[in-house]
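The values are calculated or read from the model by the stated rules, or taken from the named source; none is laboratory data. In this text, all values refer to a predicted model and were calculated from it rather than measured experimentally. Using ideal geometry, Cβ is built from the backbone for each residue, glycine included, and neighbour counts are taken over all protein chains shown. For accessibility, only protein heavy atoms count, side chains too; no ligands or nucleic acids. Shrake-Rupley method; radii C 1.70, N 1.55, O 1.52, S 1.80 Å.
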Amino acid sequence: MNRFFITGGAGFIGSAFVRLLLEERPSCNVTNFDALTYAGNMDNLEGLDKTRHQLVQGDVAARDSVLAALESGTDAIINFAAESHVDRSILSADEFLRTNILGTQVLLDAARECGVRRFLQVSTDEVLGSLPEDETAYFTENSAFAPNSPYAASKAAAEHLVRAAHHTFGLDTVVTRCGNNYGPRQFPEKFLPLALSNAMNDEPIPLYGDGQNVRDWIYVMDHCRAILLALRQGHAGAVYNIGARNEHRNIEVAESLLDALGKPRSLIRFVKDRLGHDRRYAIDPSRAESELGWRPLETWESGLRKTIAWYQENSRWIERARSGAYRDYYKQQYGTEVGAA
Ligand code: NAD
Ligand code: TYD
């Protein structure tokens, strides 16, 4: 495979994947199709080889734009494009349905029409709902779908459409389902970069509910390496759960960040809980380990160190991400201004 059509490649995970691909495959060519929404960021593409990477601004739900950008001879579509934030989906679900569901169907149709060899859907463990706190329960590839937020429901619908395209039309598809990513270039609406950028500025970290919800954290490049392996070696029609066996309660994440920055734990503020807040996510990645030979390279400690260092060295990136429309969102979500003590 040499010619890739990547959607959402100006976002957090998509841009990390584009970087990895250009590094790992010196002869590959990447079309990066991204609508550049509030979450898409040209800064994320700085320094990429322009001769092998072309950004096309377009909407995955707009059939004509997708077909105009998708060249015949494309080997694989990797679909990262999504509205990706649970809290925003609670405020309004419309864009989630359009981009995540309709957009996926448009891409599947386009893949068939243009003879694309493989379609990889980047999905999430959230389609499987919430686990009990019992530490022996894990999500496997056979766990039942039980999405609890509009975001998760839209991603579950997208997965169903991918499955249907494989079953009905024989399209070669692969689905990867990952847990909570963290790392450089993550938009500060998500918990870890929000907590980190607030703490760096001596602003409070808002913790929903009792702060005891558990997430299974993975360093973004480890996720991207798993996607690359699934693309190359995954079975047609298969689903692969991706996780680093790295569960932490939200309060532990906040405390680790504050400790690493040398900031007081008194910056933690308990705030009103998220509606329908999933209690625990935990992934069993055995299939990816045995079939793809995948293992995470980063530990929680090394991944956090790299992430904190990146945010400390890229204060301009954070300032730009936290300006403009982000301030309106923050006020609506938290009832306080960005920067308020
Ligand atoms: P992100 O919000 O940082 O980036 C999304 C990108 O998609 C942005 O560049 C945005 O401009 C683009 N986009 C949005 N709507 C579009 C449209 N209609 N047409 C074209 N492009 C559009 O998201 P992320 O965190 O990088 O997540 C990428 C993918 O990975 C998503 O599909 C998400 O569901 C999935 N995922 C994310 C996580 C996580 O922890 N962040 C975990 C598991 C799976
Ligand atoms: P988030 O990064 O939104 O990812 P997801 O909801 O997809 O897991 O949130 C991670 C966890 O952090 C989740 O349990 C909600 C919690 N959270 C807070 O406590 N405060 C916040 O301000 C945010 C954004 C999230």
Self-check item: From A230, A226, A236, A244, residue being part of a loop (DSSP other than H, G, I, E, B), touching a residue at least 60 places away in the same chain (Cβ under 8 Å) and surrounded by 18 or more Cβ atoms within 10 Å (Cβ to Cβ)
Solution: A244
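With respect to W310, is the statement that it is in contact with a Pro (Cβ under 6 Å, 6 or more places away or on another chain), within 22 Å of E189 (Cα to Cα) and either of a type in the set (F, W, Y) or in contact (Cβ under 8 Å) with a residue 24 or more places away in the chain (or both) true?
So W310 passes the test.
Does F17 satisfy being of a type in the set (F, W, Y) and either under 15 Å from the mean Cα position of the chain (by Cα) or in a loop (DSSP other than H, G, I, E, B) (or both)? First the steps, then the outcome.
On the way: of a type in the set (F, W, Y): yes; either under 15 Å from the mean Cα position of the chain (by Cα) or in a loop (DSSP other than H, G, I, E, B) (or both): yes.
Yes: the conditions hold for F17.
For L297, are the conditions met, namely being away from ligand 2 (no atom under 16 Å from the Cβ), assigned to a loop (DSSP other than H, G, I, E, B) and within 30 Å of T136 (Cβ to Cβ)?
Criteria met by L297.
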Quiz item: Among S15, S27, which is the only one that is farther than 24 Å from S149 by Cα, touching a residue at least 12 places away in the same chain (Cβ under 8 Å), surrounded by fewer than 19 Cβ atoms within 10 Å (Cβ to Cβ) and among the hydroxyl-bearing types (S, T, Y)?
Solution: S27
Quiz item: If L304 satisfies every condition in (1) open to solvent by 50 Å² or more (accessible area, probe 1.4 Å); (2) assigned to a helix (DSSP H, G or I) but one, which is the exception?
Solution: (1)
Exercise. Could you please find all residues in the range 142-152 being of a type outside the set (F, W, Y) and touching a residue at least 60 places away in the same chain (Cβ under 8 Å)?
Key: N148, S149, P150, A152
Quiz item: Give me the pairs: first residue in the range 315-328 and open to solvent by less than 70 Å² (accessible area, probe 1.4 Å), second residue part of a helix (DSSP H, G or I), beta-carbon distance under 7 Å, and six or more apart or on different chains, which are they?
Solution: W317/D43; I318/S197; I318/Y311; R322/S197
Practice problem: Taking D49 as the residue in question, decide whether it is more than 7 Å from ligand 1 (Cβ to nearest atom), assigned to a helix (DSSP H, G or I) and either touching a residue at least 12 places away in the same chain (Cβ under 8 Å) or open to solvent by 10 Å² or more (accessible area, probe 1.4 Å) (or both). | Solution: no
Exercise. Filter the range 160-183 for residues that are in contact (Cβ under 8 Å) with a residue 60 or more places away in the chain and open to solvent by less than 20 Å² (accessible area, probe 1.4 Å) and give the result.
Key: L171, T173, V174, V175, T176, R177, C178, G179, N181, Y182, G183
Quiz item: Would a scan of the range 186-204 turn up a residue that is among the charged types (D, E, K, R), open to solvent by 20 Å² or more (accessible area, probe 1.4 Å) and more than 16 Å from ligand 1 (Cβ to nearest atom)?
Solution: yes
Quiz item: Quick one: would you say R88 is assigned by TED's automatic domain parsing to the domain that holds F12, under 11 Å from P150 (Cβ atoms), over 14 Å from the mean Cα position of the chain (by Cα) and among the basic types (K, R)?
Solution: yes
